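Take a look at the structure below.
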Amino acid sequence: MQTEDHVLSGRHVRLEPLDRRHIESLAAASAHEPSLYQWSPVPQGIPEATRYVETALAWRAEGRAVPFATVRQADGVVIGSTRFFDIERWAWPQGHERHGRKYADACEIGYTWLARSALRTPVNTEAKLLMLTHAFEVWQVLRVCFHTDARNLRSRAALERIGGKFEGILRSHRMAADFIARDSVRYSIIAAEWPETKQRLQEMLHG
């Protein structure tokens with residue numbers, strides 16, 4: 001599975017391929033208010049940030065993920081991270097128009113977190129627009145899905161606001177940030193919904 005390195009750039013934010021040079025900046029971004037990350041696995045301190053980046057790079061090498069550092073365009077400061085992962089390439093039969101594609105058929109967007117300074121700014125909306133545009137228009141995926149801890153009401157509201165469709169709750173789905181078996185709420189956007197979702201995101205950015 002090809003997981004090429006791309007920089008995804010917008011007016012407010014730049015998504016750079018995650019690299020070891022981002023370790024100190026990621027630790028700094030998450031340092032100011034750890035309570036923000038009650039529901040998310042966010043690295044605290046240099047050792048955790050190092051493990052976080054090394055794991056992400058291993059996943060990228062295996063074709064399992066495309067991780068990014070989230071960088072504020074105005075000053076070049078790293079303000080968080082996000083990634084494509086659970087990248088699926090389906091076994092289309094010979095003769096099918098999607099047979100032999102080098103890109104994903106479906107993927108998930110997650111491991112998304114931001115520094116306190118980036119909350120209630122256009123950063124997350126624009127980052128989602130950049131990633132979804134790449135997924136649907138470059139990779140031409142059929143579905144992008146999202147999971148969030150069922151207790152994370154802020155994340156659930158944000159996913160619904162950008163057009164994610166509620167699919168259900170997966171019980172005891174993943175290990176939570178507080179080390180319990182969490183229930184995950186699943187949302188998705190499919191290719192047929194992308195034009196409307198794109199317009200919604202653009203209106204949110206420019207409205």
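In terms of the ratio Rg/(2.2 N^0.38 Å) built on C-alpha atoms, what value belongs to segment 121-203?
Rounded to two decimals, the normalised Rg is 1.14.
If we count every other residue with Cβ under 15 angstrom of I180's Cβ, Lys/Arg +1 and Asp/Glu -1, where does the sum land?
+1
So what is the relative contact order for segment 1-51, in percent, with contacts set as C-alpha pairs under 8 Å and at least six apart? Don't jump to the answer; show the numbers that get you there.
On the way: 32 pairs, mean separation 14.9, N = 51.
Answer for segment 1-51 is 29 percent.
Can you give me the relative contact order of the chain as a percent, contacts being Cα pairs under 8 Å and 6 or more apart? Write down the numbers at each step before the final one.
Numbers: 368 pairs, mean separation 39.6, N = 207.
Once divided by the residue count of the chain, the mean separation gives 19 percent.
At 1.4 Å probe size, with the rest of the protein present, what percent of the exposed accessible area of the chain is carbon and sulfur atoms?
Of the solvent-accessible surface of the chain, carbon and sulfur hold 51 percent.
Please report, largest first and rounded to whole Å, the three semi-axes of the ellipsoid equivalent to the chain, where each semi-axis is the square root of five times an eigenvalue of the C-alpha gyration tensor.
Values for the chain, descending: 25, 19, 19 Å.
Of I79, H99, A181, which is farthest towards the positive pole of the chain's charge dipole, taken about the Cα centre with +1 and -1 on the beta-carbons of Lys, Arg and Asp, Glu respectively?
It is A181.
Taking the alpha-carbon centroid of each part, what is the distance from segment 163-187 to segment 87-150 in angstrom?
One Cα centre to the other: 18 Å.
Just for the Cα atoms in segment 5-112, what are the lengths along the principal axes, largest first, rounded to whole Å?
Each principal axis gives a Cα extent; for segment 5-112 these are 54, 29, 24 Å.
Would you compute, for the Cα atoms of segment 1-56, the largest minus smallest coordinate along each principal axis and list the three values in descending order, in whole Å?
Here the spans come out as 34, 27, 22 Å, largest first.
What full-extension length gain, to one decimal in nm, is calculated for V77 and E203 as 0.36 nm per residue of separation minus the Cα-Cα distance?
On the way: separation 126, 0.36 × 126 = 45.36 nm, distance 2.58 nm.
Net length gain for the segment: 42.8 nm.
Please work out the average accessible area per residue across the chain, using the 1.4 Å probe convention, and give it in Å².
51
Only loop residues by DSSP count here, and only those with at most 15 other Cβ atoms within 10 Å; note down the chymotrypsin sites (Phe, Trp or Tyr not before Pro) in segment 104-207 that meet that.
F179
For segment 72-117, how big is the tail of P(r) above 11 Å, as a whole percent of Cα pairs? Numbers along the way, then the final one.
Working: 761 of 1035 pairs.
That tail contains 74 percent of the Cα-Cα pairs.
The values are calculated or read from the model by the stated rules, or taken from the named source; none is laboratory data. A quick note: this is a predicted structure, and the numbers were derived from the prediction, not measured. Quick reminder, even Gly has a Cβ in these numbers, built from the backbone with ideal geometry, and neighbours come from all protein chains shown. Protein only, heavy atoms only, side chains kept; ligands, DNA and RNA dropped before computing areas. Shrake-Rupley method; radii C 1.70, N 1.55, O 1.52, S 1.80 Å.
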